[in-house]
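J.: Sharing a structure, written as structure tokens. Questions coming.
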Amino acid sequence: MASGKYRILITGSGGLIGSEVVSYFAEKGYDLHGIDNNMRADFFGPGGDTGWRQKELGARYPNYRHYPVDIRDRAAVLKCFEELKPDAVVHAAAQPSHDLAASRPYDDFDVNAVGTLNMLEAARRCAPDAPFVHMSTNKVYGDAPNEIKLKELSTRWEYDDPAYARGIAEDFRIDRSKHSIFGASKAAGDIMVQEYGRYFGMKTCCLRGGCLTGPNHSGVELHGFLSYLMKVNVTGGKYKVFGYKGKQVRDNIHSLDVAKFIDRFIDKPRVAEVYNLGGGRGNSCSILEAFDMAEQATGRKMNYEYVDKNREGDHICYISNLDKMRAHYPGWDITVPLDRIFAEIAGAWKARSI
């Protein structure tokens, strides 16, 4: 894929994935345009504000331009596409929290489902040949993964079914489960992205992310597992563990590895694909195991309390099966191991706390 005048439009460009995509492609000399109205600050307060990251990007990359557009504003989104006619689209904007979605269901659905439709239709009208990458979520599977037989180990829950030894694959069912309001709105957007691929022949893909993480995450209690956990450790706060004995497992993928996969897809796009995007078994950890790794990274003990109630629709154990991603794009794999992720996030929170 040639750089130079190749134009990429990114939504949620101040967020973890959006800003990583901006940095990654800006370093390669592409023409980058970001849509982000910093609604994360509205959703999560000052702790979720991504304005600091947006300023960093603007100062560092002359080939990046920012637009404070709300993706719920259909006319404004269409105008952006009419003016820019992007060569590729990365849709990373979202309302990302289970708990917040339950208290603000209209905002959640308008951002995650309607906002995604606005992006798709604008792309169909103005840039139908542009690869369209949608940041979906593994919450489209709802709590169905909790039906997989598990065994309890000393520090984590683990699959006790050989069919899932390599994790959960893309053919796992998405219905007959409790998704949370957030998971339902994301599932609506996910299916629409697939449909625009199948119905209109657009080159779309849904990346069903597990725990996406990295040093540029503005983690808060309601969203951003590792980032928030490290923030609490670095700043001396108290972390709340919600249910499952703290043994619930997530696989964690660094935002750089996400950007690298997006690069591969844009270079050789496919139609209406879905991929389970996570760190895989090698980058998986439970909350208890994460506490140990946090302490190793900072030298500070983790201060936490246990709440004997899990979050609604939460996964007990979720590990992404990466076989399909590796098969379709053989040059891609996980490059940032878990210990480095912890070290980078710790360093970033220390720098921000000074």
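Nothing in this text is a laboratory measurement; each read-out follows from the coordinates by a stated rule. Treat the numbers as computed from the prediction; the structure is a model and nothing was measured. We place every Cβ from the backbone using ideal geometry, glycine too, and count neighbours over all the protein chains shown.
J.: Set the Förster distance to 41 Å, then compute FRET efficiency between Ala327 and Asp73 from the Cβ-Cβ distance, nearest 0.05. Mind showing how you got there, number by number?
T.: Numbers: r = 39 Å, r/R0 = 0.95.
With R0 = 41 Å, the Cβ-Cβ based efficiency is 0.60.
J.: From the Cα gyration tensor of segment 165-308, with a ≥ b ≥ c the square roots of its eigenvalues, which class applies: rounded if a/c is under 1.5, or else prolate if a/b is larger than b/c, or else oblate?
T.: Prolate shape, in that a/c is at least 1.5 and a/b is the bigger ratio.
J.: So, one more: State, as an integer percentage, the relative contact order of segment 206-354 based on alpha-carbon contacts under 8 Å between residues 6 or more apart.
T.: RCO, segment 206-354: 38 percent.
J.: Okay, moving on. Grab the beta carbon distance between Lys151 and Asp171, set R0 = 30 Å, and tell me the FRET efficiency rounded to 0.05.
T.: So, using R0 = 30 Å, E works out to roughly 0.80.
J.: Then there's this: Assuming R0 = 56 Å, what is the FRET efficiency of Ala41 and Asp160, from their Cβ-Cβ distance, to the nearest 0.05?
T.: Working: r = 42 Å, r/R0 = 0.76.
Approximately 0.85, to the nearest 0.05.
J.: Can I ask one more? To make sure I understand, if each residue's beta carbon is the centre and we count other beta carbons within 10 Å, what order do Ser103, Ser23, Ser320 fall in, fewest to most?
T.: Sorted ascending by nearby Cβ count, the order is Ser103, Ser23, Ser320.
J.: Still on this structure, I have one more. Relative contact order of segment 130-236, please, whole-number percent, based on alpha carbon pairs below 8 angstrom and at least 6 residues apart.
T.: Contact order relative to length: 35 percent.
J.: Ranked by Cβ crowding within 10 angstrom, fewest neighbours first, how are Trp52, Trp349 ordered? Mind dumping the intermediate values first?
T.: On the way: Trp52 11, Trp349 21.
By the 10 Å Cβ count, ascending, the order reads Trp52, Trp349.
J.: Which peptide among 11-20, 154-163 comes first, and what is the full order, when sorted by highest mean count of other Cβ atoms within 10 Å?
T.: Descending packing order for the listed peptides: 11-20, 154-163.
J.: Given a 10 angstrom Cα cut-off, can you work out which residue in Glu221, Glu82, Glu305 is the most mobile in a GNM of the chain?
T.: The residue with the greatest mean-square fluctuation here is Glu305.
J.: Related question: For segment 1-109, what Kirkwood radius comes out of the mean inverse Cα-Cα distance, in Å?
T.: 14.3 Å
J.: Kindly put Asp263, Asp99 in sequence by how many other C-beta atoms sit within 10 Å of each C-beta, fewest to most. Walk me through the numbers before you get to the answer.
T.: Details: Asp263 20, Asp99 16.
Lowest to highest Cβ neighbour count: Asp99, Asp263.
J.: Let me ask something else. Run through segment 171-252 and list the trypsin sites (Lys or Arg not before Pro) located in a DSSP loop whose Cβ has at most 12 other Cβ atoms within 10 Å.
T.: The qualifying sites are Arg173, Arg176, Lys238.
J.: Another one. Compute the separation of the alpha-carbon centres of segment 73-100 and segment 195-262 and state it in Å as a whole number.
T.: What the calculation gives is 20 Å, centre to centre.
J.: For the peptides 322-334, 38-50, what is the packing order when you average, over each peptide's residues, the other Cβ atoms within 10 Å and list the highest mean first?
T.: 38-50, 322-334
J.: Right, another one. Given an 8 Å cut-off on Cα distances and at least 6 residues of separation, report the relative contact order of segment 7-353 as a percent. Present the calculation step by step, with values, prior to reporting the outcome.
T.: Details: 743 pairs, mean separation 65.3, N = 347.
Taking the mean separation of contacting Cα pairs over the length of segment 7-353, I get 19 percent.
J.: Specify whether the C-alpha gyration tensor of segment 314-354 places it in the rounded, prolate or oblate class, a ≥ b ≥ c being the square roots of the eigenvalues: rounded for a/c under 1.5, otherwise prolate if a/b is larger than b/c and oblate if not.
T.: In terms of gyration-tensor shape, oblate.
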